[in-house]
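This report concerns only the one structure given below.
The values are calculated or read from the model by the stated rules, or taken from the named source; none is laboratory data. From a predicted model like this one, the values you see are computed outputs, not experimental measurements. Quick reminder, even Gly has a Cβ in these numbers, built from the backbone with ideal geometry, and neighbours come from all protein chains shown.
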Amino acid sequence: MTKYSYTPTGRERHFGKDEVIVSKTDPKGKITYGNDVFERMAGYSEAEYLGAPHSILRHPDMPRCVFKLLWDRISAGDEVFAYVKNMSKGGDHYWVFAHVTPTYDSQNKIVSYHSNRRCPDPAQIAKVEPIYKELLGIEAANGGSKDGMAKAAARLGEILKGAGLSYDEFIFSV
C-alpha cells in the first residue's frame with residue numbers, strides 16, 4: 001500500500017461555493033467512494049484513495065479530540081457537523097464544513113458513512129481555528145497521548161459550557 005504522509009506546505013486550496021465534496025467509507029473508515037470534487041481537492045487518483053483510510057486527509061493542525069467526537073457520534077448512529085482542515089496529497093490544505101451520516105442496512109446495522117462537505121466562509125474558520133489551536137496545544141503538551149486528547153476534549157466542553165451552547169449549537173452559531 002502507498003504511504004500517505006506529506007508535510008504541510010502552508011498553501012490553501014479552494015473549491016467553489018456551489019460545489020460539494022462527497023465521499024463514502026466503510027464502517028472502519030476506508031474510502032469506498034469519492035466524487036470528482038473529492039478527487040480534485042484530495043489530489044489522489046481513484047486508484048490511490050479507494051480502500052485507503054479517510055485519515056489520509058488528516059491535517060496535523062486538526063485536534064485528535066475533534067475526530068474522536070466525530071467518530072463517537074457517527075458510530076453511535078448520530079449525524080455530525082464539523083469544521084475540518086484537510087490536507088491534500090502533496091501537503092496543501094483546504095477547509096470544509098462537513099456533514100457526516102451513518103448508512104444502515106435492513107437490520108439497522110451501520111454499514112457505511114456518507115460525508116458531504118461544503119466550502120465554509122472564512123469568517124467561520126476565523127472563529128474555529130483559534131479553538132482548534134488551543135485544543136491541539138493541549139494535546140501536544142501531553143505528548144499526543146489519550147490523556148492529552150481527553151484533556152483537550154474536556155477543554156472543548158468548558159468552552160461550550162462557558163458559551164452556554166451544545167456542540168451542535170456552537171457549530172451552527174459560528
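Surrounded by 12 or more Cβ atoms within 10 Å (Cβ to Cβ), at pLDDT 95 or above and closer than 29 Å to GLY34 by Cα: does that describe ILE159? The answer is no for ILE159. Within the range 28-50, the residues that satisfy the criterion of being in a loop (DSSP other than H, G, I, E, B) and either without any contact (Cβ under 8 Å) to a residue 24 or more places away in the chain or of a type in the set (Lys, Arg) (or both) are LYS28, ASN35, SER45, LEU50. Would you confirm whether or not the range 131-145 contains a residue that is out of contact with any strand residue (DSSP E or B) (no Cβ under 8 Å at 6 or more places or on another chain), crowded, with 18+ Cβ neighbours inside 10 Å and of a type in the set (Gly, Ala, Ser)? Among the residues of the range 131-145, not one is out of contact with any strand residue (DSSP E or B) (no Cβ under 8 Å at 6 or more places or on another chain), crowded, with 18+ Cβ neighbours inside 10 Å and of a type in the set (Gly, Ala, Ser), which makes the answer no. The set of residues in the range 62-80 being farther than 12 Å from THR101 by Cβ and basic (Lys, Arg) consists of ARG64, LYS68. State whether one or more residues within the range 51-61 are over 21 Å from LYS133 (Cβ atoms) and over 13 Å from the mean Cα position of the chain (by Cα). Yes: the range 51-61 contains one or more residues that are over 21 Å from LYS133 (Cβ atoms) and over 13 Å from the mean Cα position of the chain (by Cα).
Scan the range 82-117 for residues that are part of a strand (DSSP E or B), out of contact with any Asp or Glu (no Cβ under 7 Å at 6 or more places or on another chain) and exposed (fewer than 15 other Cβ atoms within 10 Å of the Cβ) and the total you get is 2.
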